[in-house]
Every structure is written in structure tokens, then in C-alpha cells.
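For reference, the structure discussed in these notes is given below.
Nothing in this text is a laboratory measurement; each read-out follows from the coordinates by a stated rule. Being a predicted model, the structure only gives us computed values, none of them experimental. Reconstructed Cβ throughout: ideal geometry from the backbone, glycine too, with neighbour counts over all protein chains shown.
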């Protein structure tokens, strides 16, 4: 009887150990897709043509006709009314912020958000307006990163990674 209990106990323990060993949390993060989307969106907001890269739309059109199955894997659906509205507001705001980037007053952080540098030489009204611009910009960026994550089916816990990838695009020199 003791041997039976010991064998049962060992079997149950081994079974429990195997169950816990098989549980793996795998969070898929499509870094390449986010990089493509970030480049397209930042270029659109800054009203720049992609530098040295084909447009995602052009690539997609070519792939759709030549290799339909390849395009099916690469298709990105990152447009919805919220994303379009955010991009439009950010594009309008960028025109107001561009001179401050060129002066070095505005800086792009590694976290995907804008910060204000040295405001020496700016008047009180200009400082207030600049702070309001940066606050609105960072609020819209936060929403944009969340919407991009949703559109690409990225877990909400990974939105900071989306922001960091966008940061690399934002940090490219302003033309």
C-alpha cells in the first residue's frame, strides 16, 4: 500500500510539474511592421517623401499583383478614423513646431515623446504656447501608439515598445 501511495504521489507531482513547464507566455511583437508603419506615419506628418525607401503603398501594389500570397502576409491595416484624425492634428501642429526643432528648442526623446530644451530667448507668451503644443503633441502620440498597437494586434503591455520604435523615426533630422 505504501508503494502504491508513493507511486501515485510521484506520478501526480511529475504530472503537475509537466503542466507548469509547458505553460509559456509568448507575446508576439511585429517589430518590422511597426518600423514600416512608423516610417510611413512620421514621413506623412512631416510631409516628407520616404528617404531611400519605397513607399509601403507602392511596395504593396507591386506585391499584390506579382506575388498575391506574399502581400497577404505583409498587409498592414493601420488606418482607422482615430488614426487618421490623430495624424491630421499632428501634421498641422508639426508646422508650428518645426521652427523650434530647427532652433534646438524641441528634442525627440528615446521614449517617443517630445521634450522642451533651452527656452532662453523666448517670450512668456511663446513659452506658454510652446508648452501647450508639446503637451498636445505628446497626448496625441500616446493615443497614436495605442491605436497602432490595436491595429497590429499587439498586446497593450507592449505599447512602450511601439513608442520606442517610433522614437527612432522621430529622431531623424528635420528637413
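With the Cα gyration tensor of the stretch 109-157 giving a ≥ b ≥ c as the square roots of its eigenvalues, does the rule (a/c under 1.5 for rounded; else a/b larger than b/c for prolate; else oblate) give rounded, prolate or oblate?
It is prolate, given that a/c is not under 1.5 and a/b is the larger ratio.
So for the pair residue 12, residue 126, with labels modelled 7 Å out along Cα→Cβ, what separation do we get in nm?
About 7.7 nm separates the two model spin labels.
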